[in-house]
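Only one structure is covered here, and it is reproduced in the block below.
The values are calculated or read from the model by the stated rules, or taken from the named source; none is laboratory data. Just so you know, these numbers come straight off a predicted model, no measurement behind them. Here the Cβ is made from the backbone with ideal geometry for all residues, glycine too, and neighbour counts use every protein chain on show. Note: areas computed on protein heavy atoms with side chains; ligands, DNA, RNA excluded. Shrake-Rupley method; radii C 1.70, N 1.55, O 1.52, S 1.80 Å.
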Amino acid sequence: MEQEANEIGEKMTDNVRISGDGAPEEEEDLVSPWDVQGTSNTGVDYDKLISRFGCDKITEELIQRIERITKIPCHPFIKRGIVFSHRDMQSILTRYESGKPFFLYTGRGPSSTALHLGHLVPFMFTKWLQDAFDVPLVIQLTDDEKFLWKNLTYEECAKFTKENAKDIISCGFDVEKTFIFSNFNYIGQCPEFYRNISMVSRNVTFNQARGIFGFVDSDCIGKIHFPSIQAAPCFSSSFPQIFNRRQDVPCLIPCAIDQVKINSCHLEELLQCV
């Protein structure tokens with residue numbers, strides 16, 4: 001059984017590519033999960049950012065296709081250009097039209113007792129996606145990330161996680177199709193989740209991680225390893241209790257463009273490798 005699991009895990013990650021890493025060239029805008037710096041007085045050049053991160057613009061044609069498939073108007077965030085790019089959304093729509101399942105994955109790093117309006121934006125959009133497509137949703141609360149990056153105790157992280165979960169629940173997600181989990185609690189309970197973390201971490205070198213995220217020699221090793229934890233929920237096999245151990249269900253990730261570097265597995269390749 002152990003050998004079979006290892007072989008399956010290796011197959012899952014063999015074809016996952018780390019691309020469009022978003023590492024800026026000299027004199028280019030810097031957009032990362034921790035910092036945003038524009039090089040001109042007009043701010044960040046989002047057209048260049050889309051190209052650098054390997055994304056595509058959301059076009060009027062795509063908007064019309066979404067509305068045709070869901071039979072409801074697109075969210076105002078899409079129509080107003082707040083949600084402005086995507087990776088492989090066309091593949092998800094084709095899959096949905098064929099009656100094949102997919103799921104949503106998003107998350108929150110709990111570092112305060114409450115979510116402000118900016119924190120709520122992706123959850124408001126995710127709520128619309130869940131309603132429009134009627135699909136399962138997993139929400140990762142990265143209390144371990146905040147323990148590593150912030151000067152917080154474990155007890156503080158646990159408190160913030162609980163309070164943030166209340167705010168997220170209040171957004172009105174489908175209680176029958178939504179799984180909210182804390183990394184500190186869930187990873188130890190699910191061997192499949194930890195196995196995927198290990199498979200991802202084995203396929204990303206330190207040089208890749210340093211080039212993408214800008215890690216320095218003084219960073220603790222937990223920070224360097226963390227992106228593999230955030231990538232693991234991309235795989236349906238990380239949630240055997242939800243997907244009945246299926247490995248062929250891809251996910252759609254509503255996130256800010258700086259997070260594309262962390263969740264950098266193309267949906268088409270996820271379909272191939274699982």
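Structure data summary
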{"read-out": "Restraint check, 127/223; 71/166; 79/177; 100/177, Cα-Cα greater than 24 Å", "value": "127/223; 71/166; 79/177"}
{"read-out": "Amide H partners (placed H, <5 Å) of residue 103, local residues excluded", "value": "251, 252"}
{"read-out": "Residues of segment 103-185: accessible area per residue with a 1.4 Å probe, Å²", "value": "46"}
{"read-out": "Long-range HN-HN contacts of residue 180 with modeled amide H, under 5 Å", "value": "139"}
{"read-out": "Segment 61-163 - percent of accessible surface contributed by carbon and sulfur, probe 1.4 Å", "value": "55"}
{"read-out": "Stretchable slack from residue 220 to residue 30, in nm (0.36 nm times residue separation minus alpha-carbon distance)", "value": "66.1 nm"}
{"read-out": "Per-residue SASA entry for residue 116, accessible area with 1.4 Å probe, Å² rounded to 10", "value": "110"}
{"read-out": "Table column - 3J(HN,Hα) (Hz), segment 144-160, Karplus curve with 6.51, -1.76, 1.60, x for Gly and Pro", "value": "5, 4, 5, 5, 7, 8, 10, 8, 10, 7, 4, 5, 5, 4, 5, 5, 4"}
{"read-out": "Accessible surface ranking that places the most exposed of 156, 192 first, with a 1.4 angstrom probe", "value": "156, 192"}
{"read-out": "Alpha carbon centroid spacing (whole Å) that separates segment 46-62 from segment 237-253", "value": "28"}
{"read-out": "Segment 204-259 - accessible surface per residue (Å², probe 1.4 Å)", "value": "45"}
{"read-out": "Accessible surface, segment 35-85, averaged per residue in Å² (probe 1.4 Å)", "value": "66"}
{"read-out": "Net charge, residue 45 excluded, C-beta distance under 9 Å - Lys, Arg +1, Asp, Glu -1", "value": "-2"}
{"read-out": "Cβ-defined net charge surrounding residue 186, 12 Å radius [Lys, Arg +1; Asp, Glu -1]", "value": "-3"}
